[in-house]
1. Among the listed residues B:Ser55, B:Ser114, which satisfies the condition of being over 30 Å from B:Asn208 (Cα atoms), modelled with pLDDT under 95 and not hydrophobic (A, V, I, L, M, F, W, C)?
2. Condition test on B:Thr14, is it away from chain A (no Cβ under 14 Å), of a type outside the set (D, E, K, R), buried (at least 24 other Cβ atoms within 10 Å of the Cβ) and assigned to a loop (DSSP other than H, G, I, E, B)?
3. Tell me whether region A:167-188 contains one or more residues that are surrounded by 17 or more Cβ atoms within 10 Å (Cβ to Cβ), farther than 28 Å from A:Ser121 by Cα and more than 23 Å from the chain's Cα centre (by Cα).
4. Suppose we filter B:Asp253, B:Asp219 for residues that are out of contact with any His (no Cβ under 8 Å at 6 or more places or on another chain) and within 14 Å of chain A (Cβ to nearest Cβ); which single one remains?
5. Tell me whether region B:20-38 contains one or more residues that are in a strand (DSSP E or B), out of contact with any helix residue (DSSP H, G or I) (no Cβ under 6 Å at 6 or more places or on another chain), buried (at least 24 other Cβ atoms within 10 Å of the Cβ) and within 14 Å of chain A (Cβ to nearest Cβ).
6. Which pairs turn up if I take residues in region A:71-99 that are closer than 23 Å to A:Ala13 by Cα and in contact (Cβ under 8 Å) with a residue 60 or more places away in the chain and look for partners that are of a type in the set (Val, Ile, Thr) and surrounded by fewer than 22 Cβ atoms within 10 Å (Cβ to Cβ) with beta carbon separation below 8 Å, at least 6 apart in sequence or on another chain?
7. Which residues, counting only those in region A:214-258, are more than 20 Å from A:Thr204 (Cα to Cα) and not small (Gly, Ala, Ser)?
8. For residues that are of a type in the set (D, E, K, R) and either within 14 Å of another protein chain (Cβ to nearest Cβ) or touching a helix residue (DSSP H, G or I) at 6+ places or on another chain (Cβ under 8 Å) (or both), tally how many sit in region B:39-69.
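The values are calculated or read from the model by the stated rules, or taken from the named source; none is laboratory data. Here the structure is a predicted model, which means the values were calculated and not measured. Here the Cβ positions follow ideal geometry from the backbone for every residue, glycine too, while neighbour counts run over all protein chains shown.
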Protein chains: 2
Amino acid sequence: MSSPNAVKVFGPATVANVSCGFDILGFALNEPGDLVIAQKTDKRGLTFECPQAESLGISVELEKNTATAPVISLMKALNPSKGVHLMLDKLMPVGSGLGSSAASAAAALVAVNSLFDSPLSREELVTFGVEAERVACGTGHADNIGPAIMGGFVLIRSTQPLDLVALPAPDKLHCTIVHPAITLETRDSRDVLKQNIQLKKAVTQWGNTAALVAALYRDDLELLGRSLQDVVVEPERSQILPGFAQAKSAAMDSGALGFGISGSGPSLFALSDSDSKAKAIASALRSVFDNLRLGCETYCSKINTLGARVIEEER
Amino acid sequence: MSSPNAVKVFGPATVANVSCGFDILGFALNEPGDLVIAQKTDKRGLTFECPQAESLGISVELEKNTATAPVISLMKALNPSKGVHLMLDKLMPVGSGLGSSAASAAAALVAVNSLFDSPLSREELVTFGVEAERVACGTGHADNIGPAIMGGFVLIRSTQPLDLVALPAPDKLHCTIVHPAITLETRDSRDVLKQNIQLKKAVTQWGNTAALVAALYRDDLELLGRSLQDVVVEPERSQILPGFAQAKSAAMDSGALGFGISGSGPSLFALSDSDSKAKAIASALRSVFDNLRLGCETYCSKINTLGARVIEEER
């Protein structure tokens, strides 16, 4: 069977900094996400278009765009005899705390890899994706790009060298996202963090992180709920997020197992054990931001265990 | 079947502060340990003897001895119509960093519970044991008493309220202990710790802690080895432990997966994947302390997955 001439790939939104798992844990969602169409071209090299680039203020320079920057390296590694044209359909909000740049990068990497019969593993693709994160925010975090490519919950034990651990995702687990209409700079939300923390709080945090991992393996959603506590980052960052306290109360009162900041915000996430609870939480969260006269988008999703995936192909 | 008239129980040594799992993770050993013989008496109440008490400087006052203090509370909870006489055969070194007081307490609690047909679960017994730790060192840690009673690896997500998670122990895992002839006070080794740590190091630590838990569930000893890194406590405490750096090098060169301080020292532990490696590590560690003209004891053991256990009973 010949390799495809064109593929369309969905790259999912992701929740990074999962509560106590600041900087080391992320998971993938079924929505929102970006789409990438990759087509083989006769002329070697990479070309690119993104219809929303101008309106969203996204660079289309290959080295600066988060979808194409990692593909440049991937193309060097694959060294194909054909070229590739990429079209990024940027459907996700930018600067939302939902891993928008990782979603584009994941879709682009999986698309180009698929076009040449997937010689690289998902984990190998992540190493290229970490480069894109460097383009987007100056540091090579992997807690968005890891789950965006691999799906499920991904633990980043280390970034140098990259050491990823795929964790199981309980089947009943549902995620509610609220993305309020607030603009934050990732750099700003890094700035509010103290460089030093109390040892006592750090111990509480790694006890919860360890228990959260155990809860995923045991499929123990009660333990997962007890573990979803962030005593280090959330107390600082939540102060620059209007409505955080009300949103957390509303989500917990609606049956959430846990609640926290997605990435560095402004999006917030809640985990629960059913679709109906996820929807009830979404409704409660919309009320909170309506009352604050802030617009918001909500999304309900199971954990996306597949990561970026080919949804159409042309042979 | 009537309940036993007397039981003999082995209470195991434990390794707490397992590397990156400072204050939240411990595991149990097959040796060394303490023995407790519990016998029913006609007169209600508790009596106690310990042949080694005078030579070891251990109190035999019921409220002050670490074996009897938790049993007082247990007897109140069980409210038996018979009394109990406890004999503690204190075989473990005291102040070794191997959970000596927890071993005695675990043996005593399991013995008395067994004498009355085990109405309480192992986890319930731990709550009584945490009291004994308060007697021993002023704070209610559970990372020795938890595994001493429950066996295996035990994660302490929280001490208030107590929230314990039993973790799987890979069958191939072996532990080597070296107990050098050095006297440390637990309070001293707490004093060397800084009250504040860098956020960056804390993130590294909770990434490793989370990965260590994943490694236990995946039975992945390579990941376990990569995760057994303590960037927070070991750099401070190792400075008051003569020979630490040489011992660590010797253990790693002899095939250890990881190496660290057991509890607050002076005992050190190495994990490896076979009995032969565990013994080779023990031999290498003895050489290190011989060269330093310090006496030492070594122990090789698989992970004790049963915890404190009845080894004889009389009906």
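1. On the way: B:Ser114 fails: modelled with pLDDT under 95.
From the options B:Ser55, B:Ser114, the qualifying one is B:Ser55.
2. On the way: away from chain A (no Cβ under 14 Å): yes; of a type outside the set (D, E, K, R): yes; buried (at least 24 other Cβ atoms within 10 Å of the Cβ): yes; assigned to a loop (DSSP other than H, G, I, E, B): no.
So B:Thr14 fails the test.
3. No; the residues of region A:167-188 include none that is surrounded by 17 or more Cβ atoms within 10 Å (Cβ to Cβ), farther than 28 Å from A:Ser121 by Cα and more than 23 Å from the chain's Cα centre (by Cα).
4. Values: B:Asp253 fails: within 14 Å of chain A (Cβ to nearest Cβ).
Answer to the selection: B:Asp219.
5. Going through region B:20-38, the residues in a strand (DSSP E or B) turn out to be B:21-38.
Okay, now just the ones that are also out of contact with any helix residue (DSSP H, G or I) (no Cβ under 6 Å at 6 or more places or on another chain), so B:22, B:25, B:29-32, B:35, B:37.
This time we only want the ones that are buried (at least 24 other Cβ atoms within 10 Å of the Cβ), so: B:22, B:25, B:29.
Those left that are additionally within 14 Å of chain A (Cβ to nearest Cβ): B:22, B:25.
Yes - at least one qualifying residue is present in region B:20-38.
6. So the pair list comes out as A:Gly95/A:Thr183; A:Gly95/A:Thr186.
7. Of all residues in region A:214-258, those more than 20 Å from A:Thr204 (Cα to Cα) come to A:217-219, A:239-256.
Across region A:214-258, the qualifying residues are A:Tyr217, A:Arg218, A:Asp219, A:Gln239, A:Ile240, A:Leu241, A:Pro242, A:Phe244, A:Gln246, A:Lys248, A:Met252, A:Asp253.
8. Of the residues in region B:39-69, the ones of a type in the set (D, E, K, R) are B:40, B:42-44, B:49, B:54, B:61, B:63-64.
In the following step, the residues that additionally are either within 14 Å of another protein chain (Cβ to nearest Cβ) or touching a helix residue (DSSP H, G or I) at 6+ places or on another chain (Cβ under 8 Å) (or both) were identified as B:40, B:63-64.
Residues that pass the stated criteria total 3.
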